[in-house]
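Taking it in order: structure first as structure tokens, then the write-up.
Every number here is computed from the coordinates shown, using simple stated rules; none is lab data. Treat the numbers as computed from the prediction; the structure is a model and nothing was measured. Methodologically, a virtual Cβ is constructed for each residue, glycine included, from the backbone with ideal geometry; neighbour enumeration extends over all protein chains shown.
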Amino acid sequence: MVFPFFLAIFPGLAIVWFIYHIDRHEKEHFWPLTIAFLIGTLIALPLVEAQRWFSEMGWMYPHTPGSTFLISFVLVALSEETLKFFSLRVFTWRATFFNEPLDGIVYSVMISMGFASLENILYALKFGISTTAVRAFTAVPAHAVFATMMGYYIGKARFFPERKQRFTLLAWLVPWSVHGIYDFFIIQEIYDALIVFAILTLGISIFFSFQLIAEEQDESPFK
């Protein structure tokens, strides 16, 4: 029981450690980061429960392209990214610790890793080690890159008020769209080889996430 639990939380904590250390010029304090992580775990609970209910109702089975689209873009991506978006917006927007654009990425990833860690624990309890191990290299990094995109645009919205509405919309729309595309290829049962596109989507997203982080590091006012 101890090893599955460790395997479930290690990927998220490793990404938390990484994102904390990329904030080189003005590191965030322990408690805001911890609260952000805990917020992520709390919002995961109702979403996982709702998805379990949808599954019991027979709505989580991708038998056709239409049902796969509905599950990927609405039942999963829309619900998860919308709740993470509002959590990030409410927690950080007027906070004094949100004092540079990179902080949008930092706190977005913290919330998302709290979400992914609890989700992974629940998957470990239900499906065992093999599923948890696969998710360590797929679902958890995917949540991190979706969060990086969201945090990047939230940071832009916060510090470029003349384009606030556009960046705020992108902070919700971009991670939702990429999450939906990724999930569509992961859960589809049309053609097994299409999973390659899920891996490609994740790989491209990781690449661009590093570019977004590097941009905010270079433009930090504390540099």
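Helix 195-218 axis versus longest C-alpha principal axis of the chain: approximately 10°, rounded to the nearest ten.
Cα gyration tensor of the stretch 154-223, axes a ≥ b ≥ c as square roots of the eigenvalues: rounded (a/c below 1.5), prolate (a/b > b/c) or oblate? Verdict is oblate for the stretch 154-223. A simple charge model with +1 on the Cβ of Lys and Arg, -1 on the Cβ of Asp and Glu and nothing else charged puts the dipole of the stretch 96-223 at about 220 debye relative to its Cα centre.
Calculated mean residue ellipticity, 222 nm, the chain: -26500 deg cm²/dmol, from DSSP H runs (n ≥ 4) at -39500 (n - 2.57) each, averaged per residue and rounded to 500. Each Lys and Arg contributes +1 and each Asp and Glu -1, all at the Cβ; summed about the Cα centre of the stretch 1-152, the dipole is approximately 140 debye. Farthest toward the positive end of the dipole of the stretch 91-173, out of 95, 159, 133, is the Cα of 159, where the dipole comes from beta carbon charges about the Cα centre. Look at the dipole of the chain built from charges on Cβ: of 2, 40, 74, the Cα furthest out on the positive end belongs to 40. Label point of residue 99 set 7 angstrom out along Cα-Cβ; within the stretch 3-42, amide nitrogens under 19 Å from it belong to 20-36. Given a cut-off of under 8 Å on Cα pairs at least six residues apart, what relative contact order in percent is computed for the chain? Once normalised by length, the contact order is 30 percent.
Here the dipole of the stretch 11-93 is about 80 debye; that uses its Cα centre as origin and unit charges on the Cβ of Lys and Arg (positive) and Asp and Glu (negative). Dimensions of the stretch 101-223 based on its C-alpha atoms, expressed as ranges along the principal axes with the largest first, amount to 45, 28, 23 Å.
Just to be sure I understand the model, the point goes 7 Å from the Cα along the line to the Cβ. What's the resulting residue 90 to residue 20 distance in nm? Those two pseudo-labels are separated by 2.6 nm.
Between helix 164-187 and the chain there is an angle of about 30 degrees, using the helix long axis and the longest principal axis of the Cα atoms.
Full extension of the chain between residue 2 and residue 79 gives 24.7 nm of extra length, using 0.36 nm per residue less the Cα-Cα distance. What is the helix-to-structure angle for 102-127, meaning the angle in degrees between its Cα long axis and the longest Cα principal axis of the chain, kept from 0 to 90 and rounded to the nearest 10? For helix 102-127, the angle is close to 20 degrees. Between residue 190 and residue 138, the FRET efficiency from the beta-carbon distance, with R0 = 25 Å, is close to 0.85. A Förster distance of 30 Å, applied to the separation of the beta-carbon atoms of residue 45 and residue 218, puts the FRET efficiency at 0.20.
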